[in-house]
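One structure is given below, encoded as structure tokens.
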Amino acid sequence: MLEIAATEHPRGLRLTGEIDLDTAAQLTAALEPQVVQGGDLTLDLAGVRFIGSTGVQVLIRTAESLADRGRLVLVNPGRGVRRLVEVMGLDRLENLEVRT
């Protein structure tokens, strides 16, 4: 289960729950209009307990879709999520930033 709430300052989404095979399409649908708009996009991950490989793919595709039009900023990741981001090398993507 994944709950998604829009945020305005900063512009983005607050996520609560799990990002996995069952919720990836829901997250992708919520991200698409944000990506089309361009600019920096912040995902508040404080409430995310788990990100599976499908969720990681969604984050990578989002950063790649933003390309040079903006950054994907991941804020407040828990220890497990932060570790996954590091192990998967997401923090090495040019336009992806992780803030604790």
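Coordinate-derived values only; no laboratory data. The shown structure was predicted, so the numbers you read here are calculated from the model rather than taken from an experiment. Heads up, the Cβs are rebuilt from the backbone with ideal geometry, glycines too, and the neighbour counts pull from every protein chain shown.
Remarks
- Neighbourhood net charge (10 Å Cβ-Cβ; Lys/Arg +1, Asp/Glu -1) for Pro10: -2
- Rounded to whole Hz, the Karplus (6.51, -1.76, 1.60) HN-Hα couplings of region 77-83, x for glycine and proline: x, x, 4, x, 5, 4, 5
- Only Lys, Arg, Asp and Glu carry charge here, each on its Cβ (+1 for the first two, -1 for the last two); on that basis the chain has a dipole of about 240 debye about its Cα centre.
- Choice from Gly70, Gly89, Gly39 showing the highest fluctuation, given a GNM over the chain with Cα pairs closer than 10 Å: Gly89
- For the chain, taking Cα atoms only, Rg and Dmax work out to 11.9, 32 Å respectively.
- Amide hydrogen proximity for Val73: with H placed 1.01 Å from N in the peptide plane, the residues at 5 or more positions away or on another chain lying under 5 Å are Leu41, Thr42, Leu43, Glu97.
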